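Note sheet for the following structure.
The values are calculated or read from the model by the stated rules, or taken from the named source; none is laboratory data. Computed from a predicted model, the values in this text were never measured in an experiment. Heads up, the Cβs are rebuilt from the backbone with ideal geometry, glycines too, and the neighbour counts pull from every protein chain shown. Areas reflect the complete protein model, heavy atoms only, side chains present, ligands, DNA and RNA absent. Shrake-Rupley method; radii C 1.70, N 1.55, O 1.52, S 1.80 Å.
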Amino acid sequence: MRITLRQLMIFKAICTERQISKAAKLMHMSTPAVSMALKELESSLGCRLFERAGGGLDLNAHGKIILPYANEMLSKGNELEKLFNFSEDGVKGCLVIGSSKTVGNYVLSRKIPLFKDKYPDVKIKLIIENSLVIEKMVSEKEIDLGFIDAKPASRNLICEQWMQDKLCIVSGCSHPAAAQECSNHFLSEQLWIFDHESSLSHIRAVQLLKSLNVYVRNDICMSTIGAIKRAIGTGTGLSVLPYVAIKEELERGELCLIDLKGWDYKRTYWSIQRESDQLSLQSSSFLKFLNNAS
């Protein structure tokens, strides 16, 4: 049996994209070459790894067994490369960072170019997903570092408080709530605009409002903070958003903070890494850079 890291990388690409053609594009290979590599891997293992389902390829029982081994072997290969990646300042190689949407879009997207300017030999990739997905990706060795907005539940992760922000009730400046002191009843009757229904930020916002006797009866869900800000900027609807995401709009007078008696809630962001792995020089340098820059 002869299995190569290249075959495992292609296997992972097919897992992610669910189509041979899309995996080929991701790997910068031809579709026949990806198909051939998969056939060679399946031949070496003596079993099929995917089944067709819902217009794509899904892992079968054998594929699900192989996946954690593939992650482990690819991770070890990356570690080996990192051992011999040195530049004049000692920091070189690849760094894959995962982040929840808020800190990814409003903090890390600005910090990473500055880090790259300081360490030009580091190749950086930022993946933005919800906190649960990022936690899973760190746990399964798909990314090096994660930054999330909820303390992780996985036992194989080390987490540290990284940043704290405040949650704000916010509206467009033409909304009636921006010009008056708001009662619980008044706020309960308003339209609210939140992140998608299953998100932690949506669930948390509704619970916090309920704790102060504000009951959300009418709401709209949108999948990005940018869309939510543009929606409430029309003067219709309220939202609960982290301060870091609305700071610039508040300074420009495009959005307004709504005062609700008793509202004083913080949001903690956590950095996460695998407990079993020693941080690479790239990862430790990035964490040090963030701490010094904040």
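Mind pulling up the Rg/Rh value for segment 238-294? Radius of gyration and Kirkwood radius, both on Cα. Walk me through the intermediate numbers first.
Working: Rg = 17.4 Å, Rh = 15.0 Å.
Value, to two decimals: 1.16.
Out of the total accessible area of segment 14-72 (probe 1.4 Å, heavy atoms of protein only), what percent is carbon and sulfur?
Numbers: 2000 of 3510 Å².
Carbon and sulfur: 57 percent of the exposed surface of segment 14-72.
For the chain, what is the percent of antiparallel DSSP beta bridges, rounded to the nearest 5?
Numbers: 24 of 39 bridges.
Around 60 percent antiparallel, to the nearest 5.
Within the set K12/K136; K92/K288; K39/K92, which residue pairs have Cα atoms separated by over 23 Å? Before the final figure, lay out each step's value.
Working: K12/K136 15 Å; K92/K288 15 Å; K39/K92 35 Å.
Table pairs above 23 Å Cα-Cα are K39/K92.
Please find the FRET efficiency linking R230 to S43, where r is the Cβ-Cβ separation and R0 is fixed at 45 Å, and quote it to the nearest 0.05. Before the final figure, lay out each step's value.
Values: r = 52 Å, r/R0 = 1.16.
Between R230 and S43 the formula returns 0.30.
Could you please report the charge total around V138, scoring K, R as +1 and D, E as -1 over all other residues with beta-carbon less than 12 angstrom from its beta-carbon?
Details: positive: K136, K141, R274; negative: E129, E135, E140, E142, D144, E275, D277.
Neighbourhood net charge equals -4.
Quick check on segment 1-153: what are the equivalent-ellipsoid semi-axes from the Cα gyration tensor, as sqrt(5λ), descending, whole Å? Let's see the in-between values first.
Values: eigenvalues 177, 77, 43 Å².
Here the semi-axes work out to 30, 20, 15 Å.
Only one of the values (i) 37, 21, 19; (ii) 27, 24, 17; (iii) 42, 24, 16 was calculated from this structure for semi-axes √(5λ) of the Cα gyration tensor in Å; name its label.
(iii)
Would you mind checking which residues have amide H under 5 Å from N60's amide H? H placed 1.01 Å from N; only 5 or more apart, or other chain.
Under 5 Å from the amide H of N60 lie the amide H atoms of F50, E51, each far enough along the sequence or on another chain.
Would you work out the charge dipole size for the chain about its Cα centre, treating the Cβ of every Lys and Arg as +1 and the Cβ of every Asp and Glu as -1, and quote it to the nearest 20 debye? Walk me through the numbers before you get to the answer.
Working: 37 positive and 33 negative charges, 109 e Å.
Taking the Cα centre of the chain as origin, the dipole is about 520 debye.
Could you tell me which GluC sites (Glu not before Pro) in segment 158-265 are loop residues by DSSP with no more than 14 other beta carbons within 10 angstrom of their beta carbon?
Values: sites: E160, E181, E189, E197, E248, E249, E251, E254; in loops: E181, E189, E197, E254.
Within segment 158-265, the qualifying GluC sites (Glu not before Pro) (loop, at most 14 other Cβ atoms within 10 Å) are E181, E189, E197.
Hey, what number do you get for the chain at 222 nm if only DSSP H runs of n ≥ 4 count, each worth -39500 (n - 2.57), divided across all residues, to the nearest 500?
Numbers: 11 runs with 125 residues, N = 294.
Rounded to the nearest 500, the figure is -13000 deg cm²/dmol.
How large is the accessible surface per residue of the chain, computed with a 1.4 Å probe and reported in Å² as a whole number? The partial results should precede the final answer.
On the way: 15990 Å² over 294 residues.
Solvent-accessible surface per residue comes out at 54 Å².
For the chain, build the charge dipole from Cβ charges (+1 Lys, Arg; -1 Asp, Glu) around the Cα centre, then report which of L241, L49, S211 sits farthest towards its positive end.
Comparing the listed Cα positions along the dipole, L49 ranks first.
Between segment 142-217 and segment 257-291, what is the C-alpha centre distance in whole Å?
17
Sequence gap at least 6, Cα distance under 8 Å: using those rules, report the relative contact order of the chain to the nearest whole percent. Write down the numbers at each step before the final one.
Details: 461 pairs, mean separation 56.9, N = 294.
Averaging sequence separation for qualifying contacts and normalising by length gives 19 percent for the chain.
Give me the percent of DSSP beta bridges within segment 1-158 that run antiparallel, rounded to the nearest 5. Walk me through the numbers on the way to the answer.
Working: 4 of 14 bridges.
The answer is about 30 percent antiparallel.
Roughly how big is segment 121-263's charge dipole about its Cα centre, with Cβ charges of +1 (Lys, Arg) and -1 (Asp, Glu), in debye to the nearest 20?
Values: 15 positive and 19 negative charges, 43 e Å.
That gives a dipole near 200 debye.
With all protein chains present, how much of the accessible area of segment 146-294 (probe radius 1.4 Å) comes from carbon and sulfur, to the nearest whole percent?
Values: 3650 of 7770 Å².
About 47 percent, which is the carbon plus sulfur part of the accessible surface.
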